[in-house]
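No lab work stands behind these numbers, since they all come straight from the coordinates. No experiment lies behind these values; they were computed from the predicted model shown. No Cβ is skipped: glycine too gets one built from the backbone with ideal geometry, and neighbour counts run over all protein chains shown.
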Amino acid sequence: MPSPAQAAGNPAHVRFAPLAAADLPLLHAWLNTPHVVAGYSRVHTTPEDVAAKYGPRIAGTEPVRGYIASVAARPLGYVQTYRVADFPDYAQSVGEFGLAVAIDVLIGEVEYTGRGLGPRVIAAAVAELVFPSSDADVCVATPRADNTASLRAFAKAGFALVRSIRTAQGDAEMLMVRNRVGRD
């Protein structure tokens with residue numbers, strides 16, 4: 001198994017698998033680690049909360065698609081994608097970008113943080129999950145305004161900071177956008 005430094009040096013090792021029921025205990029653990037709690041505004045504290053929130057995504061009964069990101073077969077984080085238009089409150093917060101897909105990413109394994117792997121996971125997810133599976137013109141991300149590590153990771157992955165926004169829940173977030181190549 002590669003060290004975090006070795007894995008961070010080779011983006012070809014990033015793989016994505018659809019979120020499955022067997023992944024829920026791992027996702028629960030990640031959502032409750034201090035570094036994720038500090039940067040992710042929708043934490044679910046119990047296994048039952050995680051199952052209730054992410055079970056419909058696994059079943060395909062809601063429009064959010066979840067994935068486990070891995071490096072050399074070692075799970076290290078969670079990625080989710082969704083059409084902005086499928087969530088009217090969110091669409092109103094981010095504004096009009098035509099066809100847009102949103103992405104959320106968390107690196108759950110603490111030893112993989114701070115090593116440059118986040119931007120590689122984000123870039124790979126946009127290239128493999130977002131644009132090939134949609135007609136979206138842009139990919140949007142809205143990291144929390146106080147999550148400087150996430151803001152840097154999205155910027156390094158080619159996202160441009162557009163403006164600050166307030167979500168319907170009142171969270172302060174930063175709207176970041178990456179255009180589909182060839183549609184800039």
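Overview of values
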| quantity | calculated |
| --- | --- |
| Under Karplus coefficients 6.51, -1.76 and 1.60, residue-wise ³J(HN,Hα) of region 69-83 in Hz, glycine/proline x | 8, 9, 10, 6, 6, 9, x, 9, x, 10, 10, 9, 10, 6, 6 |
| Phi to ³J(HN,Hα) by Karplus 6.51 cos²θ - 1.76 cosθ + 1.60 over region 93-107, Hz, x for Gly, Pro | 5, 7, x, 8, 10, x, 6, 10, 10, 9, 9, 10, 9, 9, 9 |
| Region 27-184 shape via C-alpha gyration tensor axes, a/c threshold 1.5 | rounded |
| Highest-fluctuation residue, LEU106, LEU24, LEU151 considered, GNM on the chain with Cα pairs under 10 Å | LEU24 |
| Per-residue HN-Hα couplings for region 117-133 [Karplus 6.51, -1.76, 1.60; θ = phi - 60°; Hz; x = Gly/Pro] | 7, x, x, 5, 5, 4, 4, 5, 5, 5, 5, 9, 10, 7, 6, x, 9 |
| Extension gain (nm, one decimal) between ALA160 and ALA72, 0.36 nm per residue minus Cα-Cα | 28.7 nm |
| Residue among THR46, PRO25, ALA149 farthest towards the positive dipole end of the chain, charges placed on Cβ | ALA149 |
| The chain: most fluctuating residue of VAL126, VAL162, VAL138 per GNM, C-alpha cutoff 10 Å | VAL162 |
| Nonlocal amide H pairs with GLY77, under 5 Å, H built at 1.01 Å | ALA69, GLY108 |
| Label-point gap, in nm, between VAL110 and GLN92 - each point 7 angstrom along Cα→Cβ | 4.0 |
| Dipole moment magnitude, nearest 20 debye, the chain about Cα centre, only Lys, Arg, Asp, Glu C-beta charged | 460 |
| Amide H within-cut-off set for LEU19, under 5 Å, with H built and near neighbours excluded | GLY66, TYR67, ILE68 |
